[in-house]
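The values are calculated or read from the model by the stated rules, or taken from the named source; none is laboratory data. The structure displayed is predicted, hence computed values, not measured ones. Backbone-built Cβ (ideal geometry, glycine too); neighbour counts: all protein chains shown.
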Amino acid sequence: MGIESVAIYHHDERDSIYTKDANLAVSLGKGSLTDTFLNIDKIISIALEVGCDAIHPGYGFLSENHLFAQACEANNITFIGPHSDAIQKMGLKSTAKQIAIEADVPVLISEDISDISSIDTSKLKFPLLIKAVAGGGGKGLKIVHEQAEVLDAVKSAQREALQYFGNDKVMLEPYIEDSRHIEVQILGNTHGEIIHLFERECSIQRNHQKIIEEAPSPGLSDGLRKQLCDAAIRFASQLKYTGAGTVEFLVSGEKFWFLEMNTRIQVEHAVTELITGFDIVEEQVKIARGESFSKQIKTPVINGHAVEVRIYAENPYHNFQPSAGTVQFLHLPSQVRFDTFLEEGTSITPHFDSLLGKLVVHSHDRHSAIEQLRSKLSETKIYGIKTNTSYLSHLLANEKFVSDIVSTRFIK
């Protein structure tokens, strides 16, 4: 797009690929994430000092922090994402659920809990889901099957919610055991137009975090696909949303319920790009510039099937414990999309998320995409740290996965 880029980096990442690809790289210094990638004042100060017109927040750290978006707005820096008001509203699940109700999108009836003494466990129906009102990523999330477990689970969820999100409020809602996690990719521009780029299947998760994603979802009928995409557009329209976002749903049979909205680009956006041919990051920039949608993107067409696996530095056979160390040998497959920062000599520290890369394939149908992904994954060699590559290979070969007999409980 001919745009000069400035990368910011933690001292431990000073030799990472992205710092070399940018036109300019500026250090955030040493220290904790609070001192570096979560330091709003420091990031804004750097942006102003080097003359940045805009900031793309990516899909981690401050990407869904409304205070960061507000700081950009206050300093006349374009935040490549939605308005801070939309981020703030979507950061609270109870507020998001109310907007879904106003948009005539199905929801699961929930109850906010601020005082544990107010819970009458004798009136609850099981199984039950306890989750943090703020935040996400599987933190502050507990599944309860019996009355005797409720109070301890609520206390545990509250502790996690306070630790990760600074807000200990949780909510109770029914837990749908055999459900799929389906998300719809939407885009909204400053001219009031909102469109979708179909859905992604995100049911294969470990510890409530996705590890395999597909597009389109093989488990949807054409009718249900249309209902989900229409519901996502109604929801985003009710919010007057601008930018890229995903509206997430639980799906069971032909029924579905609103789950949450992520007000950023997703880790798994690549599978949508491969089946539609549109670059979502490029579309984010166009929206931030105030451009209208092209005729082509308003009428997207699904082309083939795409599958992505997330490769983590972790030991899946020891409760997915993160692994640290140095990449001593690296061989990545050719002629395939592999989004990563890895090189031989890259140091993997415990200070950051353990995601190493995303291997994504596209083919004419799901069966051939899975076979191609298995082949490319077998070519991937990362030595020096433990990874989940062999575990992913086993999942891709699982008969139930291949036959699309999946739910969010596929990995127990």
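This table checks each residue for (1) within 23 Å of the chain's Cα centre (by Cα); (2) exposed (fewer than 14 other Cβ atoms within 10 Å of the Cβ); (3) hydroxyl-bearing (S, T, Y).
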| residue | (1), (2), (3) |
| --- | --- |
| M1 | no, yes, no |
| E13 | yes, no, no |
| G58 | yes, no, no |
| F61 | yes, no, no |
| Q70 | yes, no, no |
| T78 | yes, no, yes |
| K89 | yes, no, no |
| D104 | no, yes, no |
| S117 | no, yes, yes |
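Can you tell me which condition C229 does not meet? The list is (1) under 15 Å from V251 (Cβ atoms); (2) in contact (Cβ under 8 Å) with a residue 60 or more places away in the chain; (3) not in a loop (DSSP other than H, G, I, E, B), and all the others hold.
(2)
Would you confirm whether or not the range 122-140 contains a residue that is farther than 24 Å from R206 by Cα, modelled with pLDDT under 85 and either among the aromatic types (F, W, Y) or not in a loop (DSSP other than H, G, I, E, B) (or both)?
Looking for residues that are farther than 24 Å from R206 by Cα, modelled with pLDDT under 85 and either among the aromatic types (F, W, Y) or not in a loop (DSSP other than H, G, I, E, B) (or both), one finds at least one in the range 122-140, hence yes.
If I filter the range 294-305 for residues that are in a strand (DSSP E or B) and over 15 Å from I186 (Cβ atoms), do I get at least one hit? First the steps, then the outcome.
First, pick out the residues of the range 294-305 that are in a strand (DSSP E or B): 305.
Going one step further and asking which of them are over 15 Å from I186 (Cβ atoms), we end up with 305.
Checked the range 294-305: at least one residue is in a strand (DSSP E or B) and over 15 Å from I186 (Cβ atoms).
Here is a check on your reading of the model: is S354 small (G, A, S), in contact with a Gly (Cβ under 9 Å, 6 or more places away or on another chain) and touching a residue at least 24 places away in the same chain (Cβ under 8 Å)? Step through it out loud before you land on a result.
Details: small (G, A, S): yes; in contact with a Gly (Cβ under 9 Å, 6 or more places away or on another chain): no; touching a residue at least 24 places away in the same chain (Cβ under 8 Å): yes.
It is false that S354 is small (G, A, S), in contact with a Gly (Cβ under 9 Å, 6 or more places away or on another chain) and touching a residue at least 24 places away in the same chain (Cβ under 8 Å).
Under the condition of being of a type in the set (D, E) and within 22 Å of G357 (Cβ to Cβ), which residue from the range 15-48 is surrounded by the fewest Cβ atoms within 10 Å (Cβ to Cβ)? Explain how you work it out, then say what you get.
Filtering the range 15-48 down to residues of a type in the set (D, E) leaves 15, 21, 35, 41.
Keeping just the survivors that are within 22 Å of G357 (Cβ to Cβ) gives 15, 21.
Working: D15: 12, D21: 10.
Looking at the filtered set, the residue picked out is D21.
Return yes or no: is H208 modelled with pLDDT under 95, of a type outside the set (A, V, I, L, M) and assigned by TED's automatic domain parsing to the domain that holds V360?
When the stated conditions are applied, H208 passes them.
One residue is enough: does the range 227-246 have a residue meeting the conditions among the small types (G, A, S), modelled with pLDDT under 95 and surrounded by 15 or more Cβ atoms within 10 Å (Cβ to Cβ)? Can you show your working first?
Just the residues of the range 227-246 that are among the small types (G, A, S), to begin with: 231-232, 236-237, 243-245.
Narrowing further to those that are modelled with pLDDT under 95: none.
No.
Among the residues of the range 391-412, what is the count of those that are within 23 Å of the chain's Cα centre (by Cα) and among the polar types (S, T, N, Q)?
Selection size over the range 391-412: 3.
Name the residue that is farthest from Q163 (Cα to Cα), counting only residues in the range 1-31 that are among the small types (G, A, S) and without any contact (Cβ under 8 Å) to a residue 24 or more places away in the chain. Break it down stepwise before answering.
Initially, the range 1-31 is screened for residues among the small types (G, A, S), giving 2, 5, 7, 16, 22, 25, 27, 29, 31.
Cutting the leftovers down to without any contact (Cβ under 8 Å) to a residue 24 or more places away in the chain gives us 2, 5, 7, 22, 25, 27, 29, 31.
Values: G2: 41, S5: 34, A7: 29, A22: 34, A25: 31, S27: 27, G29: 24, G31: 19 Å.
My answer is G2.
I99 - would you say it is more than 25 Å from F352 (Cα to Cα), under 22 Å from the mean Cα position of the chain (by Cα) and part of a strand (DSSP E or B)? Talk me through it step by step, then tell me what you get.
Values: more than 25 Å from F352 (Cα to Cα): yes; under 22 Å from the mean Cα position of the chain (by Cα): yes; part of a strand (DSSP E or B): no.
No: the conditions fail for I99.
Taking L356 as the residue in question, decide whether it is assigned by TED's automatic domain parsing to the domain that holds V184 and in contact with a Phe, Trp or Tyr (Cβ under 9 Å, 6 or more places away or on another chain).
Values: assigned by TED's automatic domain parsing to the domain that holds V184: yes; in contact with a Phe, Trp or Tyr (Cβ under 9 Å, 6 or more places away or on another chain): yes.
It is true that L356 is assigned by TED's automatic domain parsing to the domain that holds V184 and in contact with a Phe, Trp or Tyr (Cβ under 9 Å, 6 or more places away or on another chain).
Go through (1) at pLDDT 95 or above; (2) farther than 23 Å from I297 by Cα and name the single condition E214 misses.
(2)
Return the residues of the range 293-324 that are in contact with a Pro (Cβ under 8 Å, 6 or more places away or on another chain) and of a type in the set (D, E, K, R); say none if nothing qualifies.
Within the range 293-324, E314 is the sole residue that qualifies.
Against the conditions (1) buried (at least 16 other Cβ atoms within 10 Å of the Cβ); (2) in a loop (DSSP other than H, G, I, E, B); (3) touching a helix residue (DSSP H, G or I) at 6+ places or on another chain (Cβ under 7 Å), where does M261 fall short? Just the number, please.
(2)
Which numbered condition in (1) part of a loop (DSSP other than H, G, I, E, B); (2) surrounded by 17 or more Cβ atoms within 10 Å (Cβ to Cβ); (3) of a type in the set (G, A, S) is the only one that A270 fails?
Of (1) part of a loop (DSSP other than H, G, I, E, B); (2) surrounded by 17 or more Cβ atoms within 10 Å (Cβ to Cβ); (3) of a type in the set (G, A, S), only one is false for A270: (1).
Just checking, how many residues over the range 59-93 are in a loop (DSSP other than H, G, I, E, B) and at pLDDT 95 or above?
Step one: list which residues in the range 59-93 are in a loop (DSSP other than H, G, I, E, B), which gives 59-65, 75-77, 80-83, 91.
Those left that are additionally at pLDDT 95 or above: 75-77, 80-83.
Looking only at that region, the number is 7.
Can you tell me how many residues in the range 391-412 are in contact (Cβ under 8 Å) with a residue 40 or more places away in the chain, assigned by TED's automatic domain parsing to the domain that holds N303 and over 13 Å from E213 (Cα atoms)?
Qualifying residue count, the range 391-412: 1.
Can you go through Q185, Q238, Q205 and tell me which one is assigned to a strand (DSSP E or B), in contact with a helix residue (DSSP H, G or I) (Cβ under 8 Å, 6 or more places away or on another chain) and not hydrophobic (A, V, I, L, M, F, W, C)? Break it down into steps so the answer makes sense when it comes.
Values: Q238 fails: assigned to a strand (DSSP E or B); Q205 fails: in contact with a helix residue (DSSP H, G or I) (Cβ under 8 Å, 6 or more places away or on another chain).
Result of the check over Q185, Q238, Q205: Q185.
Need the failing condition index for H318 against (1) without any contact (Cβ under 8 Å) to a residue 60 or more places away in the chain; (2) of a type outside the set (S, T, Y); (3) under 20 Å from A270 (Cβ atoms); (4) not in a strand (DSSP E or B), just the number.
Condition (3) is where H318 drops out.
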